[in-house]
Amino acid sequence: MRLWRAVTVAASSVLLIPCVARAQSRYPFSIQGSGLYARVLGDAYESIDLLNGYGFELQGRWTPGALSFGAGYQRTNHSAESGDWTLSGAFFEPRYVIDVKSDRFAPYVSGRFSFLHLDGENDELSASTSGGNLNFGGGLLVSLGQAGGGRSNLDIGATYGYTRFGDFTLAQGGGAETLESLGSGKNIVIRIGLVIGLGK
């Protein structure tokens, strides 16, 4: 009897998975635009006195179920005594939505893999470097439609990450000089965005 009950419970759980997945993926595709606040930490940023910055991101997302996959572009603008800087690049972000039995909101955990360019300039010269970045974090999706049936969601999230930069290049007067790497840096990114579902 106990064995039969265990088999029944297991089978019911498997059958429920598609229902949960459908509830969390009402629209298989979506686009998102977000405002970003980026706090930068670590030797790489401190060496050029880089300050915290603001920016945006744009992404598209495919959502077959609780696990979804997004890709896009992010950019933040920063200031320093050495000039104006931008930190930008393409990213890939898998995300897993946690089922809390609500059609109005859903928490999620995420990872983000990106290739970032750090570019700066002032009246005398320009500088640039690139590096790989890995961020982990999470957030909350809040439905903006009645009873969770709308196409729009509010996305509030935050991530913490690590970037390792390569060679640092200085350009001045038509010439360029390659210097050793700035090293590594960390970042805390806070995101508030609007998600629009597509399809269906």
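Among Gly89, Gly65, which is the only one that is within 21 Å of Arg164 (Cα to Cα), touching a Ser or Thr at 6+ places or on another chain (Cβ under 6 Å) and not aliphatic (A, V, I, L, M)?
Working: Gly65 fails: within 21 Å of Arg164 (Cα to Cα).
None of the other options fit; the residue is Gly89.
Would you mind stating whether Asn122 is more than 19 Å from Ile48 (Cβ to Cβ), of a type outside the set (A, V, I, L, M, F, W, C) and in contact (Cβ under 8 Å) with a residue 24 or more places away in the chain?
No: the conditions fail for Asn122.
Take Asp119 and decide whether it is not in a strand (DSSP E or B) and not polar (S, T, N, Q).
Criteria not met by Asp119.
Residues checked against (1) outside any strand (DSSP E or B); (2) modelled with pLDDT under 95; (3) crowded, with 20+ Cβ neighbours inside 10 Å:
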site: Leu87; (1), (2), (3): no, no, yes
site: Phe91; (1), (2), (3): no, no, no
site: Gly111; (1), (2), (3): no, no, no
site: Phe136; (1), (2), (3): no, no, no
site: Gly150; (1), (2), (3): yes, yes, no
site: Ile188; (1), (2), (3): no, no, no
site: Leu194; (1), (2), (3): no, no, no
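Looking at this structure, is Asp155 among the acidic types (Asp, Glu) and within 16 Å of Val97 (Cα to Cα)?
It is true that Asp155 is among the acidic types (Asp, Glu) and within 16 Å of Val97 (Cα to Cα).
(1) among the hydrophobic types (A, V, I, L, M, F, W, C); (2) exposed (fewer than 15 other Cβ atoms within 10 Å of the Cβ); (3) under 21 Å from Gly89 (Cα atoms); (4) touching a residue at least 40 places away in the same chain (Cβ under 8 Å): which one isn't true of Leu198, the others all being true?
The number of the failed condition is (3).
Output yes when any residue across the stretch 10-23 is in a loop (DSSP other than H, G, I, E, B), at pLDDT below 95 and among the hydroxyl-bearing types (Ser, Thr, Tyr), and no when none is. Walk me through it before giving the result.
First, the residues of the stretch 10-23 that are in a loop (DSSP other than H, G, I, E, B): none.
The answer is no, given that none of the residues of the stretch 10-23 is in a loop (DSSP other than H, G, I, E, B), at pLDDT below 95 and among the hydroxyl-bearing types (Ser, Thr, Tyr).
Taking interchain pairs and intrachain pairs at least six residues apart, which have beta carbon atoms under 6 angstrom, with the first residue in the stretch 61-89 and of a type in the set (Lys, Arg) and the second assigned to a strand (DSSP E or B)?
Cβ pairs passing all conditions: Arg61/Ser30; Arg61/Ser68; Arg61/Gly70; Arg75/Gly55; Arg75/Ser88.
Quick one: would you say Tyr160 is under 23 Å from Arg26 (Cα atoms), at pLDDT 95 or above and out of contact with any Lys or Arg (no Cβ under 6 Å at 6 or more places or on another chain)? Outline the logic, then answer.
Numbers: under 23 Å from Arg26 (Cα atoms): no; at pLDDT 95 or above: yes; out of contact with any Lys or Arg (no Cβ under 6 Å at 6 or more places or on another chain): yes.
Judged against the criteria, Tyr160 is not a match.
Can you name the condition, by its number, that Thr129 falls short on among (1) surrounded by fewer than 15 Cβ atoms within 10 Å (Cβ to Cβ); (2) in contact (Cβ under 8 Å) with a residue 40 or more places away in the chain?
It is condition (1) that Thr129 fails.
The values are calculated or read from the model by the stated rules, or taken from the named source; none is laboratory data. Treat the numbers as computed from the prediction; the structure is a model and nothing was measured. Reconstructed Cβ throughout: ideal geometry from the backbone, glycine too, with neighbour counts over all protein chains shown.
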